Amino acid sequence: MLKVTPGHHLLVSRFIEREKMAIVPERQLIKDILIEEASMRLLRSAVFSVCMVTLASPAPCQEWQRFVIPSTGTSVDMPASIFTEQTELPDRGVGRRFFTSDRRADLTVQSIDNPGELSPSKFLAQWKPPPGIQYRRVTRSFFVVSSTRKDRIWYNRCNRAPGRLHCVLINYPAGEERQWDSIVTRISLSLRPLIRR
């Protein structure tokens, strides 16, 4: 029979204490790893959510460029990262039409002859815009009209200059109005020339 001396008891006690001390850090390490993995899952989820919002909205991460019609001096800021496709105007007018890749929205920039030097008010009356205009602002220097037609919002602005009107026309989904507000505002306010009268 094995005799256990007091010295053995002390040795065994020390061994058990060392084992306990080793287990605690190991458990803490496992706990730290689990917390870190949970944090990474939350981060990945947040990044994914941001990416989905970015894809659904035209507003974030826009790349703006200045578009110019050299022959008339018409110029405007436009989000080139949104309007990625372009074509000539169908009536061979002076300007360009831009589209989103899915054609859900478009931007027309053009310069229109105004040999009679019609005021923005008279030009607008002659142009005969669609009925049911929801927003209208007319000054001696420019006019802005906007409304909704077939689930799409259209926005038209023309600045008066000697012998010409410099215009932008934007069409975009009515369901995305809030996402487009800041974009439309910047395009509109950047349109030049603008001659104050």
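Laboratory data are not the source of any read-out in this text; all were calculated from the coordinates shown. Since the structure is predicted, the reported quantities are computational estimates derived from the model, not experimental observations. Here Cβ is always computed from backbone atoms with ideal geometry, including for glycine, and neighbour counts include all displayed protein chains.
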Radius ratio Rg over Rh of segment 64-190, counting only Cα atoms, Kirkwood formula for Rh: 0.94
Cα centroid of segment 76-110 to Cα centroid of segment 148-165, whole Å: 14
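At 1.567 mPa s and 4 °C, plugging the Kirkwood radius over alpha-carbon pairs of segment 115-192 into Stokes-Einstein gives what diffusion coefficient in µm²/s? Don't skip to the answer; put the middle values down first.
On the way: Rh = 13.1 Å.
Stokes-Einstein gives a translational diffusion coefficient of 99 µm²/s.
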Under 5 Å, built H, 5+ apart or other chain: amide partners of SER81: GLU63
Total charge dipole magnitude, segment 64-190, about the Cα centre, Cβ charges on Lys, Arg, Asp, Glu only, Debye to nearest 20: 380
Segment 117-124 - phi-based ³J(HN,Hα) in whole Hz, Karplus 6.51/-1.76/1.60, Gly and Pro as x: 6, 5, 5, x, 5, 6, 5, 4
Positive-pole candidate from ALA174, LEU194, ILE69, dipole of segment 50-197, charges at beta carbon: LEU194
In Hz, Karplus ³J(HN,Hα) per residue of segment 66-74 (6.51, -1.76, 1.60; θ = phi - 60°; x = Gly, Pro): 9, 9, 10, 9, x, 5, 10, x, 4
For ASN114, residues with placed amide H under 5 Å, excluding near neighbours: ARG164, LEU165
Sorted peptide list for 108-118, 63-73, criterion being average Cβ within 10 angstrom, highest first: 108-118, 63-73
